[in-house]
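The structure appears right after this line, and notes come after that.
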Amino acid sequence: MIKFIIILLAVLISNSHLLFSDCNIVNEFGKFVTAELNSYEGTLYLRTEIKVVDDDFPYADIIRSNSGYFDYLLTNFSMVYPSENLSEKMDSATIRSQYLEYLRSDTIFTPLMCEFYNKSIVRSHSKDTINLSKLMNIAVKFFTLMDIDANGNFVAKICTGMNALSSTESNRNPHLEAFCFSSIIKDFMEPKANLGSIFENSIRDLYKINWGTDKNEKLLRAEGALFMLMSKNEKFINYLIGEYNTKSEMLPFVLKL
């Protein structure tokens, strides 16, 4: 048994090395990631984002056309730079240099970018396969019921930070999340499926049912119903399928319909 565990561990380490070796994009982080010093209530922190890339950058088209995707990964799946390493005396060049060095050793973001690089850019590794149910299960979690006000109305929000993913998904799928969220935000910026209206109409439907007398139970039950309504909406489904078809070449997963 011990020998088997050791062999299995060696295989896992070997596979991990194959996935993240020769990951050239790590050395290019400075071409599309930037950081600047900010302060909140006396505490210094770095505001990081995906920046506008130059035309001579090898992966310019991919980063430029999917900045929301990569910004989601950077915002939600990267380690926070230690505030104790920051000083108001640091110039912008030093800040960027130190942050990029820190980011290259990030055990969350860097493996995700290497996975993307190997599966979508150089295609040295097979893409994962997901089905429509899994896609919609993730997509609906960005449409959240936050509260119930004094008049009994639902307070709703579309949010990247405060959503139901952390409380409902034991195994997160960062790339699938990034695709879903960036697609949702795109529709709000350039309406195609009118997801805002779909969201509002789904919330209106919730008022047809009494979900409970206890506020917390009512909120939880209604949110579950909201997820189901959104997941069955044909316009929402078709919109995400269309976005996938448009970007399938650059995505690190395959959608099986």
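Where a number appears in this text, it was derived from the coordinates with a stated rule and is not lab data. Treat the numbers as computed from the prediction; the structure is a model and nothing was measured. Glycine also receives a Cβ, built like all others from the backbone with ideal geometry; neighbour counts cover every protein chain displayed.
A few remarks follow.
- Computed helical MRE - 222 nm, the chain, DSSP H runs ≥ 4 contributing -39500 (n - 2.57), nearest 500: -15500 deg cm²/dmol
- In this calculation the C-beta distance from residue 36 to residue 256 is compared with R0 = 35 Å, giving a FRET efficiency of 0.25.
- Tilt relative to the chain, helix 215-231 - C-alpha long axis, 0 to 90 degrees, to 10: 70 degrees
- Counting neighbouring beta carbons within 10 Å and listing from fewest to most, the residues 114, 159, 180 come out as 159, 114, 180.
- Once the Cα atoms are used to define both axes, helix 195-206 deviates from the longest principal axis of the chain by about 40 degrees.
- Each Lys and Arg adds +1 at its Cβ and each Asp and Glu adds -1 at its Cβ; summed about the Cα centre, the stretch 153-249 shows a dipole of about 220 debye.
- When each of 256, 157 is scored by the number of other beta-carbon atoms lying within 10 Å, the sequence from fewest to most is 256, 157.
- Amide H to amide H, with H built 1.01 Å from N, residue 33 comes under 5 Å of 51, counting only residues 5 or more places away or on other chains.
- When peptides 212-219, 22-29, 100-107 are ranked by their average number of other Cβ atoms within 10 Å per residue, the highest-first order is 22-29, 100-107, 212-219.
- This ranking places 50, 121 by how few other beta-carbon atoms lie within 10 Å of each, fewest first, which gives 121, 50.
- The residue among 67, 156, 44 whose Cα reaches farthest toward the positive pole of the charge dipole of the chain, with charges on the beta-carbon of Lys, Arg, Asp and Glu, is 156.
- Relative to the longest principal axis of the Cα atoms of the chain, the long axis of helix 92-104 lies at roughly 80 degrees.
- For the chain, Cys with no neighbouring Cys Cβ under 4.7 Å: 159, 180
- Once the gyration tensor of the Cα atoms in the chain is diagonalised, the equivalent ellipsoid follows with semi-axes of 34, 25, 20 Å, ordered largest first.
- Taken along its principal axes, the alpha carbon cloud of the stretch 128-256 reaches lengths of 48, 31, 22 Å, longest axis first.
- Restricting attention to the stretch 128-256, lysine pairs at least eight places apart or on different chains and with alpha-carbon atoms under 19 angstrom apart total 23.
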